[in-house]
Amino acid sequence: MSIMKLLYFPNNKLRMKAKYIKNINNDIKLLGKNMLKTMYFYNGIGLAATQLGINKRIIVIDISINKNNPIILINPEIIKFNKLKIKSKEGCLSIPLKQKYSILRYKKIKIKAKNLMNENFELEISNLLSFCVQHEIDHLNGILFIDYLSNLKFQRIYDKMYKLNKKIIFLKKHNYIK
Ligand code: NI
């Protein structure tokens with residue numbers, strides 16, 4: 001298993017729309033495991049394949065405190081939602097700024113997906129887990145949580161990330177980070 005390279009905003013590949021996975025073969029199983037390892041390495045609670053430049057509909061999530069409850073969702077889809085939206089304070093591994101930003105998300109959703117054993121299942125989820133799944137499904141559609149912010153806030157984040165990307169390029173070049 002290996003830690004994979006993360007893409008950072010405003011990399012254009014983060015805007016790709018990921019394709020449905022038809023075959024859950026060994027490559028997909030390995031990808032799922034590597035995605036989990038990468039998410040834990042970066043201390044994230046969710047990761048979409050899009051953030052690794054991989055054009056496939058697979059996301060991983062773990063919102064547990066002890067990081068021992070991994071969830072891998074293949075072709076996840078929201079099939080039902082309660083209209084009520086509430087505030088969700090979010091960050092993103094592809095936008096690694098200290099500050100978190102509040103946006104609105106559905107409080108409660110019902111999703112369907114496949115697991116690595118190719119089994120279909122449905123799940124009713126709410127609050128943090130629901131926000132997290134919405135955030136990651138957005139990634140698969142090329143949407144970032146900052147798209148929901150005002151133009152002004154978006155621009156500020158863009159400027160911060162412009163500076164940070166320069167730093168990241170420097171750190172990568174000198175092997176301080178992957
Ligand atoms: Ni994200």
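The values are calculated or read from the model by the stated rules, or taken from the named source; none is laboratory data. Everything quoted here is computed from the prediction, not taken from an experiment. Neighbour counts are summed over all protein chains in view; Cβ atoms, including those assigned to glycine, are modelled from backbone coordinates with ideal geometry. Please note that ligands, DNA and RNA were not included when accessible areas were found on the heavy atoms of the full protein model with its side chains. Shrake-Rupley method; radii C 1.70, N 1.55, O 1.52, S 1.80 Å.
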What aspartates and glutamates sit close enough to Lys5 to cross-link, taking a C-alpha to C-alpha distance under 15 Å and skipping anything fewer than 8 places away on the same chain?
none
Give me the net charge of Ile137's neighbourhood, meaning all other residues with Cβ under 12 Å from the Cβ of Ile137; Lys, Arg count +1, Asp, Glu -1.
+1
Run the helix sum for the chain: -39,500 (n - 2.57) per DSSP H stretch of 4+ residues, divided by residue count, reported at 222 nm to the nearest 500 deg cm²/dmol.
-10000 deg cm²/dmol
Using a basic spin-label model with each label point 7 Å from the Cα along Cα→Cβ, how many nm lie between Asn11 and Leu84?
3.8 nm
Using eta = 1.306 mPa s and T = 10 °C, Stokes-Einstein with Kirkwood Rh from Cα pairs puts D for region 68-122, in µm² s⁻¹, at 118 µm²/s
Whole-number value, in Å³ per residue, for the convex hull of the alpha carbons of region 12-149 is 106 Å³
Of the GluC sites (Glu not before Pro) in region 88-178, those whose Cβ has at most 15 other Cβ within 10 Å and which sit in DSSP loop
Glu119
Within a Gaussian network of the chain (alpha carbon springs, distance under 10 Å), most fluctuating of Ser150, Ser88, Ser102:
Ser150
For the chain, the percent of accessible surface on carbon and sulfur atoms (probe 1.4 angstrom, ligands and nucleic acids excluded) is 53 percent
Find the accessible area per residue for region 15-122; the probe is 1.4 Å, ligands and nucleic acids are left out, and the unit is Å².
57 Å²
Trypsin sites (Lys or Arg not before Pro) within region 21-77: which are DSSP loop residues with at most 11 other Cβ atoms inside 10 Å?
Lys22
Can you tell me the dipole magnitude for region 42-178 around its Cα centre, using point charges on the Cβ only (Lys, Arg +1; Asp, Glu -1), in Debye to the nearest 20?
600 debye
